[in-house]
1. Just checking, does the range 97-117 include any residue being within 18 Å of the chain's Cα centre (by Cα) and open to solvent by 70 Å² or more (accessible area, probe 1.4 Å)?
2. Evaluate the range 260-278: report whether one residue or more is under 30 Å from residue 150 (Cα atoms), buried (at least 18 other Cβ atoms within 10 Å of the Cβ) and at pLDDT 95 or above.
3. Yes or no: residue 132 at pLDDT 95 or above, of a type outside the set (A, V, I, L, M), surrounded by fewer than 15 Cβ atoms within 10 Å (Cβ to Cβ) and assigned to a helix (DSSP H, G or I)?
4. Please go through the range 163-179 and give me each residue that is aliphatic (A, V, I, L, M), open to solvent by 10 Å² or more (accessible area, probe 1.4 Å) and touching a helix residue (DSSP H, G or I) at 6+ places or on another chain (Cβ under 8 Å), ordered by number.
5. What are the residues in the range 115-152 that are touching a residue at least 60 places away in the same chain (Cβ under 8 Å), within 25 Å of residue 74 (Cβ to Cβ) and hydroxyl-bearing (Ser, Thr, Tyr), if any?
6. Of the residues that sit in the range 93-114 and are in a helix (DSSP H, G or I) and free of Cβ contacts under 8 Å to residues at least 12 places away in the same chain, which one is nearest to residue 64 (Cα to Cα)?
7. Here are some residues: 34, 15, 5. Which one is in a helix (DSSP H, G or I) and either among the hydrophobic types (A, V, I, L, M, F, W, C) or modelled with pLDDT under 95 (or both)?
Amino acid sequence: MKKGLVLEGGALRGLFSAAIMDVMMEHGIRFDGLIGVSAGAAFGCNYKSHQPGRAIRYNKRFARDKRYCSWQSFFKTGDLFGADYAYHHVPNHLDVFDNETFERDPMEFIVVCTNVETGEPVYQRVMRGGDWAYDWIRASASMPVVSRVVEIDGYKLLDGGMADSIPLRQMQRMGYGRNVVILTQPHGYQKQPNRLMPIIRWCMRRYPRIVETMQHRHLMYNDELAYVEQEVRRGDTLAIYPDEPLPIGHTSHNPDEMQRVYEIGRKTGEERVEEIRAFVNARHD
């Protein structure tokens, strides 16, 4: 039975997930496949490249760099997170991503994006590193309104969380029968309708299908939370949540704030690492 790791997004709340992944890597826990949405993809790729500590390191290092994430970047380029600087210059030159190890590791890596023309999710298998992979990851993490639409391989894409925030069902459809799901909101959280829908509706008016998807996103998200709970009760899913809301917003320029969220994740990971190991290694006919 294939074992999978499912990572939702949440922007910098994803440092919680990154910390748990670092603990799992340090303890030699491996998966057959990983599916990541938005920050889940951006940070989850380090699992396949065997680079624990990289996500927190570069986020803290570039926290105050306007080329990395700033309104200046947004007004200059159309992207809050600089497309070229954050997604190409940093991994190619400043905090180098280990493409060789990424490609050598057999773990399947799937990135979730949203097709803005259809409003439907796109699941891209990424086994080759380099700039092509970085662009798919950028597409998965490109939040609407504050990011340009990413055009790649004939698609027009934005943040995967709009269409499939917690892709456990997709992982199961791909044959992963036993899955660890890392969430970035506490147990019991329920998403509410998006108060920014008037802005989203205007900014995305060229893409009515994505507006419709965003209009109903909270219903999709809460349904997926309920499905995770159902699968946990069945015994084939292990869900990991923070104990309380994480003390960080979608963006932050404060390295200490990032470190606090990361430490919360490390503590959770260290407390549950043996439970995770036993779950992953359990034998099933």
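The values are calculated or read from the model by the stated rules, or taken from the named source; none is laboratory data. All values derive from a computational prediction rather than experimental measurement. Note that each Cβ is placed from the backbone with ideal geometry, even for glycine, and that neighbours are counted across all protein chains shown. These accessible areas exclude ligands, DNA and RNA; they are computed on the full protein's heavy atoms, side chains included. Shrake-Rupley method; radii C 1.70, N 1.55, O 1.52, S 1.80 Å.
1. no
2. Taking the range 260-278 and keeping what is under 30 Å from residue 150 (Cα atoms), we get 261-262.
Restricting the remaining residues to those that are buried (at least 18 other Cβ atoms within 10 Å of the Cβ) gives 261-262.
Retained after the next criterion (residues that are at pLDDT 95 or above): 261-262.
Yes; the residues of the range 260-278 include at least one that is under 30 Å from residue 150 (Cα atoms), buried (at least 18 other Cβ atoms within 10 Å of the Cβ) and at pLDDT 95 or above.
3. Numbers: at pLDDT 95 or above: yes; of a type outside the set (A, V, I, L, M): yes; surrounded by fewer than 15 Cβ atoms within 10 Å (Cβ to Cβ): yes; assigned to a helix (DSSP H, G or I): yes.
So residue 132 fits the description; yes.
4. Just the residues of the range 163-179 that are aliphatic (A, V, I, L, M), to begin with: 163, 166, 168, 171, 174.
In the following step, the residues that additionally are open to solvent by 10 Å² or more (accessible area, probe 1.4 Å) were identified as 163, 174.
Once the filter is applied, which keeps residues that are aliphatic (A, V, I, L, M), open to solvent by 10 Å² or more (accessible area, probe 1.4 Å) and touching a helix residue (DSSP H, G or I) at 6+ places or on another chain (Cβ under 8 Å), the range 163-179 yields only 163.
5. Result: 140, 142, 147.
6. Narrowing the range 93-114 to residues in a helix (DSSP H, G or I): 93-94, 99-104.
Narrowing further to those that are free of Cβ contacts under 8 Å to residues at least 12 places away in the same chain: 93, 104.
Details: 93: 18, 104: 34 Å.
For the range 93-114, the residue satisfying everything is 93.
7. Working: 34 fails: in a helix (DSSP H, G or I); 5 fails: in a helix (DSSP H, G or I).
Answer to the check: 15.
For every residue, the table says whether it meets (1) within 22 Å of residue 15 (Cα to Cα); (2) crowded, with 18+ Cβ neighbours inside 10 Å; (3) over 15 Å from the mean Cα position of the chain (by Cα).
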{"position": "141", "(1), (2), (3)": "yes, yes, no"}
{"position": "159", "(1), (2), (3)": "yes, yes, no"}
{"position": "181", "(1), (2), (3)": "yes, yes, no"}
{"position": "185", "(1), (2), (3)": "yes, yes, no"}
{"position": "197", "(1), (2), (3)": "no, no, yes"}
{"position": "210", "(1), (2), (3)": "no, yes, yes"}
